[in-house]
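**Student:** One structure, pasted below without further comment.
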Amino acid sequence: MRTRRFGRLGFVASELSLGTWGLSGEAYGAVYETELERIVELAQELGVTLFETADVYGGGAMEKLLGDTLDLRTTQVVTKLGTVREAPARKCFDAAYLKDALARSHDRLKRETIDVVLLHNPGVQVLREGDAIPFLREEQHAGRIVGWGVSAGSPEVARAALDQSADVLELAYNLFTAKALHELADRIAQTDTAVLARSVLAHGLLVGHWSPNKTFFPHDHRSARWTPDALKYRISQLQAVRQMVGGEVLTMRGAALRFVLSNQVVSSAVLGVRSQTQLRQLVREVGEGPGYLPDDVLSALPEWLQKAGVEL
Ligand SMILES: NC(=O)c1ccc[n+]([C@@H]2O[C@H](COP(=O)([O-])OP(=O)(O)OC[C@H]3O[C@@H](n4cnc5c(N)ncnc54)[C@H](OP(=O)(O)O)[C@@H]3O)[C@@H](O)[C@H]2O)c1
């Protein structure tokens, strides 16, 4: 497992990290209970050191899983705060609320110091005016967290996070959703901000296994993500990605992951695997380097994607 420096926080983390939303069963459907612990253990065996979660995933169950399973000496944890599930479900980024939420996360994760705490999809105003960021800076100063940042749902929020000198930015980054990070890359590099790239497979689309008439179970978030026509169009755009497969790039999912990691401003790619098999596949198919994608593929890619209607 290759590693990268985690921005200006200075620690070194695995270039592949394990996300836990899919494991919670709330995103894509149920995951076998017995599989959960094994996936986290396998990730550690394969060299993953960085684990990404949120206090709301599984109502705290994913933080607890990591708290019960991770080796404290060799791993880092990123968690996210700011979502209240109890009725009325809402976002809440008040310092008083975050203080209690953080204490609960410390307990579940069984860590005196949490490596990174992110605000979970805040709006721009929360970052500009609220008391969330002063609170996180105080916690960092007190040594209860190493760094703080923002999980951004839009380019505007990502920009506002950089304006506030966030240590870490988490955002969607994949072959079909690359523009926001590419536009911010210079600022990110100049400020040495750590980047967690999530949704690297576009929720499974970039694996390239779906028929144009693919449907999802109602409790799978993808059932509401694309209309049937939008999904058909997206699947037709995969033709551009298929051209990336060849030589050491064995699969489309491998190509998609290699694309993310070929961007040096990415500190770690957050994997959304739901089984040990999926984890093994991605770790194997990302290769051992050097390099991720051949130079000729990297230089042809913008044109291939543009022809398919994707802006890089
Ligand atoms: N706002 C936020 O902060 C935020 C938002 C989204 C995600 N995240 C984090 O990022 C993580 C990843 O996000 P994501 O779920 O959008 O990731 P993703 O990697 O784009 O998609 C995950 C899906 O890809 C498919 N997949 C994964 N590995 C595979 C393999 N080897 N072969 C075939 N299919 C494979 C699985 O689909 P199937 O279920 O069909 O097998 C899985 O559910 C989440 O777990 C979460 O921790 C954070």
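**Student:** Any residue in region 219-232 that is touching a residue at least 24 places away in the same chain (Cβ under 8 Å) sitting within a Cβ distance under 6 Å of a residue that is within 13 Å of the ligand (Cβ to nearest atom) and assigned to a helix (DSSP H, G or I)? List the pairs, counting only those 6 or more apart or interchain.
**Tutor:** Once the first residue is touching a residue at least 24 places away in the same chain (Cβ under 8 Å) and sits in region 219-232, its partners that are within 13 Å of the ligand (Cβ to nearest atom) and assigned to a helix (DSSP H, G or I) give Arg222/His203.
**Student:** Could you tell me whether region 95-115 includes any residue that is among the polar types (S, T, N, Q), open to solvent by 20 Å² or more (accessible area, probe 1.4 Å) and at positive phi?
**Tutor:** The answer is no, given that none of the residues of region 95-115 is among the polar types (S, T, N, Q), open to solvent by 20 Å² or more (accessible area, probe 1.4 Å) and at positive phi.
**Student:** Please name all residue pairs, on different chains or six or more residues apart, with Cβ atoms under 6 Å, provided the first residue is in region 17-37 and is more than 26 Å from Phe6 (Cβ to Cβ) and the second residue is more than 9 Å from the ligand (Cβ to nearest atom) and small (Gly, Ala, Ser).
**Tutor:** Val31/Gly25
**Student:** Picking from Thr53, Thr20, Thr34, which residue would you name as being among the polar types (S, T, N, Q) and open to solvent by 20 Å² or more (accessible area, probe 1.4 Å)?
**Tutor:** Only one candidate qualifies: Thr34.
**Student:** Something else about it: If I ask for residues that are more than 9 Å from the ligand (Cβ to nearest atom), part of a helix (DSSP H, G or I) and not β-branched (Val, Ile, Thr), which ones from region 209-238 would you list?
**Tutor:** Ser223, Pro228, Asp229, Ala230, Leu231, Lys232, Tyr233, Arg234, Ser236, Gln237, Leu238
**Student:** Within region 164-179, identify whether any single residue is of a type in the set (Ser, Thr, Tyr) and at negative phi, and answer yes or no.
**Tutor:** The answer is yes; a qualifying residue exists.
**Student:** Also, quick follow-up: Among the residues of region 256-275 satisfying the criterion of being of a type in the set (A, V, I, L, M), more than 9 Å from the ligand (Cβ to nearest atom) and assigned to a loop (DSSP other than H, G, I, E, B), which is nearest to Leu23 (Cα to Cα)? Give the steps one after another, and end with the answer.
**Tutor:** Of region 256-275, the ones of a type in the set (A, V, I, L, M) are 256-257, 260-261, 265-266, 269-271, 273.
This time we only want the ones that are more than 9 Å from the ligand (Cβ to nearest atom), so: 260-261, 265-266.
From what is left, the residues that are assigned to a loop (DSSP other than H, G, I, E, B) are 265-266.
On the way: Val265: 27, Val266: 23 Å.
If we take residues in region 256-275 being of a type in the set (A, V, I, L, M), more than 9 Å from the ligand (Cβ to nearest atom) and assigned to a loop (DSSP other than H, G, I, E, B), then Val266 is nearest to Leu23 (Cα to Cα).
**Student:** Going through Thr74, Thr34 one at a time, which residue ends up being at pLDDT below 95 and among the polar types (S, T, N, Q)?
**Tutor:** Values: Thr74 fails: at pLDDT below 95.
Going through Thr74, Thr34 in turn, the sole match is Thr34.
**Student:** Return the only residue of Gly7, Gly59, Gly29 being modelled with pLDDT under 95 and at positive phi.
**Tutor:** Only one candidate passes the filter, namely Gly29.
**Student:** Do we find a residue being open to solvent by 30 Å² or more (accessible area, probe 1.4 Å), within 12 Å of the ligand (Cβ to nearest atom) and under 30 Å from Pro290 (Cα atoms) anywhere in region 174-186? Reasoning before the result, please.
**Tutor:** Within region 174-186, the subset open to solvent by 30 Å² or more (accessible area, probe 1.4 Å) is 177, 179, 182-183, 186.
Those left that are additionally within 12 Å of the ligand (Cβ to nearest atom): 177.
Subsequent filtering for residues that are under 30 Å from Pro290 (Cα atoms) retains 177.
Yes, because at least one residue in region 174-186 is open to solvent by 30 Å² or more (accessible area, probe 1.4 Å), within 12 Å of the ligand (Cβ to nearest atom) and under 30 Å from Pro290 (Cα atoms).
**Student:** Within region 130-152, is there a residue that is small (Gly, Ala, Ser) and within 30 Å of Ala308 (Cβ to Cβ)?
**Tutor:** Within region 130-152 (the criterion being small (Gly, Ala, Ser) and within 30 Å of Ala308 (Cβ to Cβ)), the answer is yes, since at least one residue qualifies.
**Student:** Still on this structure: Output the residues belonging to region 276-292 that are modelled with pLDDT of 95 or more and either more than 12 Å from the ligand (Cβ to nearest atom) or not in a loop (DSSP other than H, G, I, E, B) (or both). Walk me through how you get there before you give the answer.
**Tutor:** Kept after step one, since they are modelled with pLDDT of 95 or more, are these residues of region 276-292: 276-286, 292.
Of everything in region 276-292, those that are modelled with pLDDT of 95 or more and either more than 12 Å from the ligand (Cβ to nearest atom) or not in a loop (DSSP other than H, G, I, E, B) (or both) turn out to be Gln276, Thr277, Gln278, Leu279, Arg280, Gln281, Leu282, Val283, Arg284, Glu285, Tyr292.
**Student:** Could you figure out which of (1) more than 16 Å from the ligand (Cβ to nearest atom); (2) assigned to a helix (DSSP H, G or I); (3) under 24 Å from Leu50 (Cβ atoms); (4) among the hydrophobic types (A, V, I, L, M, F, W, C) isn't true of Ala96?
**Tutor:** All conditions pass for Ala96, except number (3).
**Student:** I'd like to check something: does region 2-11 contain any residue that is within 16 Å of the ligand (Cβ to nearest atom), open to solvent by less than 70 Å² (accessible area, probe 1.4 Å) and either within 24 Å of Leu119 (Cβ to Cβ) or under 17 Å from the mean Cα position of the chain (by Cα) (or both)?
**Tutor:** No - not one qualifying residue is present in region 2-11.
**Student:** Continuing with this model, one more query. Just need a number here: residues in region 187-208 that are within 16 Å of the ligand (Cβ to nearest atom) and open to solvent by 40 Å² or more (accessible area, probe 1.4 Å).
**Tutor:** Looking only at that region, the number is 1.
The values are calculated or read from the model by the stated rules, or taken from the named source; none is laboratory data. Everything numeric in this text was worked out from a predicted model, so none of it was measured. We place every Cβ from the backbone using ideal geometry, glycine too, and count neighbours over all the protein chains shown. The accessibility values were calculated without ligands, DNA or RNA, using every heavy atom of the protein model including side chains. Shrake-Rupley method; radii C 1.70, N 1.55, O 1.52, S 1.80 Å.
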